[in-house]
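*Asks:* Have a look at the structure that comes next, please.
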């Protein structure tokens, strides 16, 4: 699984929203960052519910995943750009707007609502602005939690929260709510962060809920096309893949609307050339519906989870270089993982743990595989349950379960002894070690000893030593 | 002669990997394993769910290693429906009836025709209605004709469309009633009990090939998982065409279980569906007009 390349509708300000979505999907993007604005799904329009259902149906039809952006310039105040904000006097106007955005996001099945702090007015002391951030975000979270909508705070140059560390600190002070994550604009990292974008991506890690892609020059907050600034695009995208990011990564070029279709085409060419892996495919419409159903009624997952393969298909993700699906799984595995992602937004940690265990215990082989692969996405919220599931899978002799068990969750959580035996089991049963996440990081002397003994046993019996074992031993010497 | 075989009733849990190899060599590419009695009585719901889990997980995986698509049917069987320690399994069935590999409710039906069996049978016909699945019905060894008539009555009462029902283990004395009812007719070809392949051919001559399912019903007892293949041979010897054999041994079971919408019949990775590439020892290959 990997992330979804997308484009921000604020870069299509001279297009009707419907047309913009068509152009973006036709170019080959699989996601969209939708900025609510007076001309793009106006959250204050009288016919909002009907418009939202139309846009939701359109996104589903086009297979576009989305995030909701709230950076419109003159939506709340026709005279003052971006006003009022979370740190200004009339904060409640901004909170009301963000809550509207949350309700829209729930209907659209969006990954998150993204927002920024706003510029601190000169006459407001920093402590007071911080207190306003805390109260404002808490108020929006209260409205978002029942709907299972995730929030992403975006550090914005020149605003009160402009660095990643500030966003992370605010999250911690609010008690690290599961639905409060981070939006990262990789261009901003070049402009104002002390570290490069790849480092910021790694620091945000699993808290990333939305990514904006653009180039920038150090010290200059101007969104540029790729190649015009100092961003290491290849390294940044590789970092996103490495932290296991699977959400929306959308191009953010709000001042290029005059030539949007051409700019968007060029951006996709640059991104495709720099991607470490194939970008994610369009989302199946059934999956979008199923995620909505689970957000509304978590118990629905019991009926939907077994049906995934029948609905979205069972094709292998990478049939050419992974013909048995042991490394990358199938489209059904990925869809089940995403369904669990939606489930995790509406359940607390205990309920999520219980549901993961039930889905695994009562699942057939494909469902069990889906749970195992989904642990990469939601396992951090349910580590004890995740370990129970991984250990059970490693006791089986079904190679697809063994392979799926040794993903990123096991790399981060499984004890050394259990992990080593899992790797050895792969060698015994012909599971390619490419299926083992974090192999390089976790390989230790004891594993190398076990593999060397295994190789000696094979040689003594006059049998071949598997290439993966030889490779591992070669590396250890 | 090329033959592809779908065995609509075979208990692979009780068979060895040699059987899987021989079945693949004989042309078997897909099968259905009905949940049934294991010989040793079960005493708790837990041992049922472990068995069901094997049918939807482990056994499918095992079959796939030999190029065979495995499906199953799930139910509380009539014999164990008489044990109150087992009847609570009826409450966990809905969970299983939503699974990918589950293509029917079965085996249900009668063993000794007790009130308990009546109750479990009727309830499970309702589950087939609710989960939009076909039903596979076992007819009893003892008092078979009466059991078959009672079966057809219960099906009629249930509201399950009769074309979604297969009545299995038929013989010369029970086939007429089922043929007239519109249900599918199942025949288990055994080394010495139930039907043999030559009696089967005689029935096919009399009743035709429509709505007929031929299975090996191979299990832990004396039985032969290649009986489907041998019936195909006997049909050819008796003058049936290859197309007739294909109807009985492939198209009919595909049509019947296909009503579930859950059959998977594409090639397994690394295997070809064309039997001739694997059936160097297939008797049928030599005899036909290839």
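The values are calculated or read from the model by the stated rules, or taken from the named source; none is laboratory data. Only a predicted model underlies this, so the values are computations on that prediction, with no experimental measurement involved. Cβ sites come from the backbone with ideal geometry, for glycine too, and all protein chains shown count toward neighbours.
*Asks:* Consider residue A:6 carefully, then state whether it is modelled with pLDDT of 95 or more and in a helix (DSSP H, G or I). Can you show your working first?
*Replies:* Values: modelled with pLDDT of 95 or more: yes; in a helix (DSSP H, G or I): no.
It is false that residue A:6 is modelled with pLDDT of 95 or more and in a helix (DSSP H, G or I).
*Asks:* Out of all the residues in the range B:37-59, which are away from chain A (no Cβ under 14 Å), modelled with pLDDT under 95 and either part of a helix (DSSP H, G or I) or surrounded by 17 or more Cβ atoms within 10 Å (Cβ to Cβ) (or both)?
*Replies:* B:37, B:38, B:42
Here is a yes/no grid of residues against (1) part of a strand (DSSP E or B); (2) in contact (Cβ under 8 Å) with a residue 24 or more places away in the chain:
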position	(1), (2)
A:135	no, yes
A:146	no, no
A:178	no, yes
A:183	yes, yes
A:191	no, yes
A:204	no, yes
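*Asks:* Can you pull out every residue in the range A:206-219 that is modelled with pLDDT of 95 or more and either assigned to a strand (DSSP E or B) or within 21 Å of the chain's Cα centre (by Cα) (or both)?
*Replies:* Matches in the range A:206-219: A:207, A:208, A:209, A:210, A:211, A:212, A:213, A:214, A:215, A:216, A:217.
Yes/no per residue for (1) free of Cβ contacts under 8 Å to residues at least 24 places away in the same chain; (2) touching a helix residue (DSSP H, G or I) at 6+ places or on another chain (Cβ under 6 Å):
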position: A:47; (1), (2): yes, no
position: A:50; (1), (2): yes, no
position: A:55; (1), (2): no, no
position: A:63; (1), (2): no, no
position: A:87; (1), (2): no, yes
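*Asks:* A further question follows. How many of the residues in the range A:334-373 are within 13 Å of chain B (Cβ to nearest Cβ), in a helix (DSSP H, G or I) and touching a residue at least 40 places away in the same chain (Cβ under 8 Å)?
*Replies:* Total meeting the criteria: 6.
*Asks:* Let me ask something additional. Does residue B:63 fit the bill of being within 13 Å of another protein chain (Cβ to nearest Cβ) and either without any contact (Cβ under 8 Å) to a residue 12 or more places away in the chain or assigned to a helix (DSSP H, G or I) (or both)? Steps first, answer last, please.
*Replies:* Values: within 13 Å of another protein chain (Cβ to nearest Cβ): yes; either without any contact (Cβ under 8 Å) to a residue 12 or more places away in the chain or assigned to a helix (DSSP H, G or I) (or both): yes.
So residue B:63 passes the test.
*Asks:* How many residues does the range A:30-46 hold that are surrounded by fewer than 20 Cβ atoms within 10 Å (Cβ to Cβ) and farther than 14 Å from residue A:17 by Cβ?
*Replies:* So the answer is 2.
*Asks:* Would you check if residue A:49 is in a loop (DSSP other than H, G, I, E, B) and at pLDDT 95 or above? Reasoning before the result, please.
*Replies:* On the way: in a loop (DSSP other than H, G, I, E, B): no; at pLDDT 95 or above: yes.
Here the answer is no, as residue A:49 does not meet what is asked.
*Asks:* Among (1) surrounded by fewer than 18 Cβ atoms within 10 Å (Cβ to Cβ); (2) farther than 17 Å from residue B:14 by Cβ; (3) within 13 Å of another protein chain (Cβ to nearest Cβ), where does residue B:69 come up short?
*Replies:* Among (1) surrounded by fewer than 18 Cβ atoms within 10 Å (Cβ to Cβ); (2) farther than 17 Å from residue B:14 by Cβ; (3) within 13 Å of another protein chain (Cβ to nearest Cβ), the lone unmet condition for residue B:69 is (1).
*Asks:* Can you name the number of the only condition in (1) touching a strand residue (DSSP E or B) at 6+ places or on another chain (Cβ under 6 Å); (2) surrounded by 23 or more Cβ atoms within 10 Å (Cβ to Cβ); (3) closer than 30 Å to residue A:265 by Cβ that residue A:180 fails?
*Replies:* Residue A:180 satisfies every listed condition except (3).
*Asks:* May I pose another question? Which of (1) away from chain B (no Cβ under 14 Å); (2) more than 22 Å from residue A:1 (Cβ to Cβ) is the odd one out, the single condition residue A:426 does not satisfy?
*Replies:* Of everything listed in (1) away from chain B (no Cβ under 14 Å); (2) more than 22 Å from residue A:1 (Cβ to Cβ), residue A:426 misses just condition (2).
*Asks:* Among the candidates B:136, B:76, B:90, B:127, single out the residue that is in a helix (DSSP H, G or I) and under 19 Å from the mean Cα position of the chain (by Cα).
*Replies:* Numbers: B:136 fails: in a helix (DSSP H, G or I); B:76 fails: in a helix (DSSP H, G or I); B:90 fails: under 19 Å from the mean Cα position of the chain (by Cα).
Going through B:136, B:76, B:90, B:127 in turn, the sole match is B:127.
*Asks:* Could I ask something else about it? All but one of (1) within 14 Å of another protein chain (Cβ to nearest Cβ); (2) touching a strand residue (DSSP E or B) at 6+ places or on another chain (Cβ under 7 Å) hold for residue B:31; which doesn't?
*Replies:* Looking at each condition in turn, residue B:31 falls short on (1).
*Asks:* How many of the residues making up the range A:115-135 are in contact with a helix residue (DSSP H, G or I) (Cβ under 9 Å, 6 or more places away or on another chain) and buried (at least 18 other Cβ atoms within 10 Å of the Cβ)? Walk me through how you get there before you give the answer.
*Replies:* Restricting attention to the range A:115-135, the residues satisfying the condition of being in contact with a helix residue (DSSP H, G or I) (Cβ under 9 Å, 6 or more places away or on another chain) are A:115, A:117-118, A:120-121, A:124, A:130, A:132-135.
Retained after the next criterion (residues that are buried (at least 18 other Cβ atoms within 10 Å of the Cβ)): A:115, A:117-118, A:120, A:130, A:132-133.
Residues in the range A:115-135 being in contact with a helix residue (DSSP H, G or I) (Cβ under 9 Å, 6 or more places away or on another chain) and buried (at least 18 other Cβ atoms within 10 Å of the Cβ): 7 in total.
*Asks:* Now for a different question. Residue by residue through the range B:145-159, note down the ones that are surrounded by fewer than 17 Cβ atoms within 10 Å (Cβ to Cβ) and part of a helix (DSSP H, G or I).
*Replies:* Of all residues in the range B:145-159, those surrounded by fewer than 17 Cβ atoms within 10 Å (Cβ to Cβ) come to B:145-146, B:149, B:153, B:156-157, B:159.
The answer is B:145, B:146, B:149, B:153, B:156, B:157.
*Asks:* Can you pull out the residues in the range B:160-176 that are over 21 Å from residue B:126 (Cβ atoms), in contact with a strand residue (DSSP E or B) (Cβ under 9 Å, 6 or more places away or on another chain) and surrounded by fewer than 23 Cβ atoms within 10 Å (Cβ to Cβ)?
*Replies:* Step one: list which residues in the range B:160-176 are over 21 Å from residue B:126 (Cβ atoms), which gives B:169-176.
Then drop every residue that is not in contact with a strand residue (DSSP E or B) (Cβ under 9 Å, 6 or more places away or on another chain), which leaves B:169-172, B:174-175.
Result: B:171, B:172, B:174, B:175.
*Asks:* Out of (1) part of a loop (DSSP other than H, G, I, E, B); (2) out of contact with any strand residue (DSSP E or B) (no Cβ under 8 Å at 6 or more places or on another chain); (3) on the phi < 0 side of the Ramachandran plot, the odd one out for residue A:99 is which?
*Replies:* Evaluating residue A:99 over (1) part of a loop (DSSP other than H, G, I, E, B); (2) out of contact with any strand residue (DSSP E or B) (no Cβ under 8 Å at 6 or more places or on another chain); (3) on the phi < 0 side of the Ramachandran plot leaves (1) as the failure.
*Asks:* Let me ask another. Restricting to helices (runs of 4 or more DSSP H) lying wholly in the range A:233-333: which have 1 or more residues that are surrounded by 15 or more Cβ atoms within 10 Å (Cβ to Cβ), within 14 Å of chain B (Cβ to nearest Cβ) and without any contact (Cβ under 8 Å) to a residue 12 or more places away in the chain?
*Replies:* Values: elements: A:233-242, A:260-274, A:285-296, A:301-312.
Ranges flagged: A:301-312.
*Asks:* While we're on this one: What tally of residues in the range B:78-103 results from selecting those that are surrounded by fewer than 24 Cβ atoms within 10 Å (Cβ to Cβ), at pLDDT below 95, more than 14 Å from chain A (Cβ to nearest Cβ) and closer than 17 Å to residue B:128 by Cα?
*Replies:* So the count comes out to 0.
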